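Peer 1: Next up is a structure, given as structure tokens.
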Amino acid sequence: MNIVTLTQYQGKIVGPIAWLLGHIMNWIFIFLNKIGVPSTGLAIILFTIIMYLFLMPLTYKQQKFSKLQSRMNPELQAIQAKYKGKKDNDSMLAQQEEIKALYAKYGVSQTGSCLQLLIQFPIMIALYRVIYSMPAYVSQIKESFYPLVSQLRETAGASDFIQTLSSASQYAKQFSNEAFTSGDTSYIENTFIDVLYKSSTADWNALTEKFGSLASSITNTHDLLNRYNSFLGLNIGDSPSYMIQTAFSNKSFALFIGALIIPALSFLTQWISLKLMPQPATSNDPNDQAAQMANSMKTMNMMMPLMSLFFTFTFPAGLGIYWIIGAVVRTIQQILINKHIDSMDIDAEIEKNTEKYNKKLEEMKSTPQMNRYANLNTRTMNTVTSTRSEKEKEAGLKKANDIYSSGKVNKNSLLARANMVKEFDNRNN
């Protein structure tokens, strides 16, 4: 059965990226199924490793930028101190030129780090979307819901009952969508799959009690999903908070420990990963946009481990595995990249970049096109100024004549005498 796009994320930017990454996830799951281990947990791990390896060039550029920026920060602060309090146009232009030359000296862009983050951000959101809605992208997981969702669609009261399940509130808009209310088969079944995929074991038990005639299909579907979601003895389709509740009910100490390990590891691995990252240079200068962006990123990095602790505790455990593996891969990358960057001859790199920048300046100075463009701009400005001056003169003369003609002008004023001379000349002529 083909994937119907209604359950996939439809964002204009992230949507196409998620569609592409969804195909990669689907191929990984097909491969695992062929070797006899169709595990969602393993698929998430392999998927995360592949994607972070794919993003490694961007990660390297970002960390190199942070490392070089921390090295050049004292020089940057010296330039800012040199022009502190100087708000005239010449001083501000001179400061910008010196900062531009400093960035060129270290071979980095003033927006380089931000650009890397802007490229990575939609990819990371798309990764999350794929993992959060696996049936929308992995055909075999979606197929496991049939024939159950078709039977539920045809069963009286099933739609209303599914809307009472714990995960249904996330899809309230889908239940009220015209496609759902008009009876669109694919849309209804996809909505049921969205809800059931994120339903807890308690929800599945309630579904079995409510629709006894479908007990066999419900049990088979739930068992198959549990097989896919089973990872190290845990059902990663359940949230750690639900696992803890179940552990207390069943008096299972192992389940309780397993439920706590995922959020704890997520927090710890995120914290270690961020600590190993080169810390960007910070600044209080309101005109230094790159440094101000670095300040914001530093604050966000401090919040990330706490956010991961909260979300992995309340969301399905599969999301926690994704964050843990992602943090572990990033940590390994950072150790290797930091080792490589530390072994670089920074002084030789600075010298090479300085030569390159000076050569670029010389080429710009000797380019005829640049000189012609400057002369053209000068002539244009002079022409505009000259034109405006003539118009202003004509307007001034007209205004003076109007005032004189109105009779309101002082008879002893220079304007009155000038007009008297003008009138005398006109009569003699």
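Peer 1: Take the alpha carbon gyration tensor of region 115-256, find the square roots of its eigenvalues, order them as a ≥ b ≥ c, and report rounded if a/c is under 1.5; if not, report prolate when a/b exceeds b/c, else oblate.
Peer 2: oblate
Peer 1: Quick one: of 100/360; 61/275; 86/356; 64/105; 82/352, which pairs are farther than 20 Å apart, Cα to Cα?
Peer 2: Distance filter (> 20 Å) returns 86/356; 82/352.
Peer 1: With the contact rule set at Cα under 8 Å and sequence spacing of 6 or more, what percent relative contact order holds for region 103-256?
Peer 2: 18 percent
Peer 1: Whole-Hz Karplus ³J(HN,Hα) for region 174-180, in order, using 6.51 cos²θ - 1.76 cosθ + 1.60 and θ = phi - 60°, x for Gly and Pro?
Peer 2: In residue order, the calculated couplings are 5, 5, 9, 5, 4, 4, 6 Hz.
Peer 1: Applying the Karplus parametrisation 6.51 cos²θ - 1.76 cosθ + 1.60 with θ = phi - 60° to the phi angles of region 28-41, what ³J(HN,Hα) value in whole Hz is obtained for each residue in order, glycine and proline being reported as x?
Peer 2: Karplus values, whole Hz, x for Gly and Pro: 4, 5, 4, 4, 5, 5, 5, 8, x, 10, x, 10, 4, x.
A short reminder: the numbers here are calculations on the coordinates, not readings from a lab. Because the structure is a prediction, the values reported are computed rather than measured.
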